[in-house]
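Step one of this worksheet: look at the structure below.
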Amino acid sequence: MPRPYFTYIRVDDQLPDHKRLASMNVFQRVGVIGTLVCAWALCNRQLNDGYLPAETWRSISTPRLRQLALDTGFVVPVDGGVQMHNYGDYQRLRAEVEALSEQRRKAGAKGGRARAGQANSEATGEANANRDAKRDASSNTEANGKQSRGESKNQSSVVSNVREEGPARTDDDDHQNQDQDPAPPDLAMVVRAAVKRRTGVTIDPGHAADLAAQLLGDRQVAHRAAYLRKAIRDEPDPRRRFLPPPPGSRPPPVPPRPPRQDPEVAKRGAAEAREAMRAALPDPGAEPLPPGPAPPDDTLGEMPPF
């Protein structure tokens, strides 16, 4: 998680090519740069103007890399620790950071007082506007009071006549209204929204209406919209069930079913096959056949010359 406030240090982009690092190999150069960056970051965090105690300096990198950093002159040994060379030329000193913090604190306090004054003025203006609106409303009500009282009798007589002429409600009508949705929605729109939530695909209204009819079927459902949402939400594979097939795709052809064989024909064929196999086998009681003449030695003839 990122910190709410960040502080930064400045690193010259020409540092890898500095002449003090030219005699080092690539591993030493990278190690010394990493050691310097860690030291500068600690100095910036502690606001010590580039000074590191000996104990803190020994916790950075390895002894070999610390010695190389001292040899380059970027780090100077002093009493009790080390000092970063020309630290104030590139990084912010403690006095600069404290002055900037005090300046921001005063600016924030000034802005807060200005916002508070503006909020008070807006609240006062709103209160005055509400008071004027109430006064105008009360005057209009008093002026129209007599006219409203004079028209109330005529309106009540008209309402009574309408009630007398209207059809009387029965218990069957109330029972029928309870079986239906209070405000029947467009079931196609309900299905489209539910399918889009499950699959992320918007289907056309015609397909949605077909799905609604398919899911409801002949069921007598009191709240059809809720039933359709639950059915689509509980479907384990909504893409296969609710999405239409892609255009141009055809279902795989069904292989033709082989004709059913007559059982009697199958029995006769099996019996004939057994008889043919029995006839092809030699008779165990018959005498063995005499051996035939031996083939001559020159059956292959003369070999062709190579």
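A compact table of results
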read-out	value
A119 being modelled with pLDDT of 85 or more and in a helix (DSSP H, G or I)	no
Residue match in region 97-110 (condition: modelled with pLDDT of 85 or more, surrounded by fewer than 16 Cβ atoms within 10 Å (Cβ to Cβ), under 30 Å from P16 (Cβ atoms) and not polar (S, T, N, Q))	yes
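The values are calculated or read from the model by the stated rules, or taken from the named source; none is laboratory data. None of these values were measured; they are calculated from a predicted model. Backbone-built Cβ (ideal geometry, glycine too); neighbour counts: all protein chains shown.
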